[in-house]
């Protein structure tokens, strides 16, 4: 049972501090799956059981003390509140832009990264536990898979099998390493240093967070991200609009459409450098080359000015005003 004093303390804090909505950690996932209801009940009861402490059945190298010193401080900007973005080896592939998130109970692999490894969705095992936390929404993983994850530093290496929930959604990270991975590797994080350490049979392995990648990823707009943490209350501008007179509402400036990401201009013709198109800057080199080749092969369908439309039959396209011919036009 939950301690009633803790519940009262939480409600007391919530009543003192104003709140505009709820922010959720990522919970659920295959790391919390249980074989039966009985196993789930036992899992919940164990933390409330008073029993003698059993000896840890762990190798001696995993029980060494881990500490952080001034020499570990290598961040580019301080103080900061940037995410811990790291690189690791997953199933023989070097994964960049991995979010290390000790607030997530699940280890998540996004479908784009999964398919980039040449793996087929059909090989995924069913994932019975849904994920919660992307704005409180319920996300159903398309499956789960167990992959070997490895970290290395000079001659020190450690690998462990990690169960990932594979999710089909757009996200700026290739994967999220949650508490399942952190507990498997006995990893300790110093968030302000963007530094992680873990024991291995060959000594302590250190993992640096990529400060530049964290800033770059956080600066990019995420498709649908504005809806992720949506609350039920109306936005301020909508409340003000509701209070306006009907005649004034029509004068309200509508929000303009903005690109989903930063873009760059690419010319489609060396002879006419002014004929350009915009493509996203987040594309990989291979994707960029493939897209530019496709646009070059299809450049005949583009029109750059009204003069390019000469010779198009009016039977194909013509603009007209639906005005009764009986009325005389007036200025």
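Select from segment 266-294 the residues that are without any contact (Cβ under 8 Å) to a residue 12 or more places away in the chain, within 29 Å of the chain's Cα centre (by Cα) and part of a loop (DSSP other than H, G, I, E, B) and list them in ascending order.
283, 284
Would you point out which residue out of 139, 108 is crowded, with 22+ Cβ neighbours inside 10 Å and assigned by TED's automatic domain parsing to the domain that holds residue 211? Please lay out each step first, then the result.
Numbers: 139 fails: crowded, with 22+ Cβ neighbours inside 10 Å.
None of the others qualify; the one that does is 108.
Go through (1) touching a strand residue (DSSP E or B) at 6+ places or on another chain (Cβ under 8 Å); (2) assigned to a loop (DSSP other than H, G, I, E, B) one by one and return the number of the condition residue 133 breaks.
(2)
The values are calculated or read from the model by the stated rules, or taken from the named source; none is laboratory data. Owing to the predicted nature of the structure, the values given are computational and were not obtained by experimental measurement. When we count neighbours, we look across all protein chains shown, and the Cβ atoms used for this are built from the backbone with ideal geometry, even at glycine.
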